[in-house]
Each structure stands twice: as structure tokens, then as C-alpha cells.
1. Counting only the backbone N, which residues of segment 188-223 are under 12 Å from the spot 7 Å out from the Cα of ARG180 toward its beta-carbon?
2. How large is the Kirkwood hydrodynamic radius of segment 151-190, counting all unique pairs of alpha carbons, in Å?
3. Could you pull the Rg and Dmax for segment 164-244, using just the Cα atoms, both in Å?
4. Of all the C-alpha pairs in segment 105-224, what % are more than 22 Å from each other?
Amino acid sequence: MTTGRGHAGTADRRPPVPALRRGLAVLQVLAGRPAPMSATAIGRELGLARSTVYELLGELAAAGFAVHLPAERRWGLGLSSFEIGSAYLRGEPLERLGRPLVRRLAAVAAELDPAAGPTAHLGVLHGNQMLYLLKERGGRFGPTLVTDIGVRLPAPLTATGLSLLAASPAAQVRALFPDRSSFVSRTGTGPQTLGQLRSDLSATLERGWAVEHGRVSAGTASVASAAFDHQGRPLAAVGVTFRHVCDDDYCARNFAAFAEPARQAAAALTSAVAGRAPG
């Protein structure tokens with residue numbers, strides 16, 4: 001006779017329900033597109049038969065997660081999808097997941113160079129600016145920074161912004177910086193054209209992390225690395241800012257000692273949100 005415990009153990013070993021996984025896959029496709037899609041396009045994207053796609057969309061629509069647009073013969077996300085997304089944002093997931101990582105990064109950076117007064121922070125792209133969500137000082141005598149929580153700074157001037165822009169599609173970068181008026185300077189340094197920005201982004205990709213020195217505030221430098229969502233898109237950036245004065249106009253230092261723990265913190269955040277770094 002099978003015991004209740006044994007029966008539960010057998011159920012626990014069963015693979016996920018295929019229909020559920022397929023329904024979630026449909027939602028992911030709809031969420032990843034800027035406009036509603038036809039059932040044919042969804043089926044082609046997922047390699048599913050049209051009848052299966054219609055059945056899945058019908059169930060999702062009945063639960064409010066998808067909506068049919070008859071005039072366009074397309075499908076989009078429903079109100080229930082929006083409600084779940086809103087609930088996720090209300091929970092401040094990035095702040096909650098990122099806070100211990102940023103705190104740990106600040107402590108590690110302070111151990112590496114206490115005299116530099118390092119401060120760790122986490123931010124996200126908001127248009128062509130960086131919006132800072134978290135800040136943790138690693139020592140008592142760090143430089144006074146403008147990267148307080150809620151502050152926005154021009155993304156090309158910050159290491160966090162450069163790390164996210166470097167991981168973004170070229171078309172998105174071009175749309176964010178269409179002309180010279182899109183660029184701002186705080187200290188007389190930093191890119192002033194799209195070509196100069198692209199050069200910075202190429203160097204960031206080649207190096208593996210972003211670097212800036214003196215662009216936001218004279219006498220400071222920063223390093224940062226990007227974290228990614230489940231589709232491999234840049235989600236947020238984790239960085240460290242510290243006291244540093246270059247001897248000349250061009251600073252060749254890449255601050256690898258600070259960059260490595262920043263990369264580790266960004267990788268940990270990627271894992272925490274069930275994301276994946278692009279291949």
C-alpha cells in the first residue's frame with residue numbers, strides 16, 4: 001500500500017505541467033515585444049502548433065493575463081499581467097535583493113583600500129540618465145558624492161550608466177542620444193557625441209567593466225558592472241566610487257581591484273532575479 005508520504009514524494013518528482021510552461025512561455029513572448037502579436041507569430045516564435053497557441057491564449061485570456069484585439073487579429077498582455085508586474089514593483093525587488101549585495105561590496109572595497117573611502121551603489125537606467133536606488137558607504141571618511149538615493153545623473157558620465165549602455169542594443173543607444181544636445185558635461189570631461197560614446201562603450205565591453213574618473217565629480221573615480229534579467233537584458237548596475245586624482249588628463253588605470261568585487265556583486269544580483277548574462 002502506498003503511504004501518503006510516498007505518494008507526495010512521487011508527485012514532487014513529476015516534471016512541470018507542460019501546459020503551464022507553455023502558457024508562461026506565451027506570456028514571456030508577449031512581454032518581450034513592444035506591440036501585440038498574432039497567434040501565428042507566437043506559434044512560430046515558440047515552435048507550437050496554431051491550435052495549441054489558440055488554446056493557450058484562450059486560457060490566458062479567460063484568466064485576464066492576455067487580451068484579444070479582434071480588429072487587429074492580435075494578442076497582447078491583459079490586466080492581470082499588469083497587476084502582477086505592479087505588485088512586483090511595489091515590493092521594491094531590486095532594492096530588497098540588492099541591499100545586502102551593495103552592503104557587502106562596500107565592506108569589501110573598504111578592506112581593499114580604506115583610504116579611498118569607497119561607496120557602493122546600485123542604479124537603473126531611466127531614459128538616458130542613471131537613477132540611483134541604493135547607496136552604502138564603506139568607510140567613515142569617503143568623499144562627498146552626489147549619487148544619493150533618488151538622484152539622476154547623465155548615464156554617459158557614470159560607470160554604472162556606461163555598463164548598462166554597453167550591454168544595450170546599438171539602436172537603443174542611438175535613440176537615447178540622437179544628437180549633441182543629448183550629452184551633458186559636469187566637469188568638462190565625458191563624451192559629447194555619439195561616436196565618442198560608442199568608443200567608451202566598446203572599451204567597456206573589451207575591458208569587462210565600466211570605468212569613469214572625474215566625470216561626475218573631480219577627485220573621484222568609479223567602476224561598475226551590469227546585472228541582467230531573465231532575457232539577458234541589462235537590468236541594473238552595481239558600482240563603487242572612491243577617491244582618486246589622476247596625474248594627467250588621461251588616466252589609464254582600470255581599477256581592477258575594485259572592479260572584480262563589483263562584477264561579483266552584479267553576477268549575484270543576476271542570479272537573485274533568476275537572470276542570465278548574455279552569451
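1. What the label zone holds, given the 12 Å backbone N cut-off, is 192-194.
2. For segment 151-190, the Kirkwood estimate is 10.8 Å.
3. Calculated on Cα positions, Rg and Dmax stand at 13.1, 38 Å.
4. 31 percent
None of the figures in this text is laboratory data; all of them are computed from the coordinates on show. In this text the structure is predicted, and so the values were computed from the model without any measurement. Cβ sites come from the backbone with ideal geometry, for glycine too, and all protein chains shown count toward neighbours.
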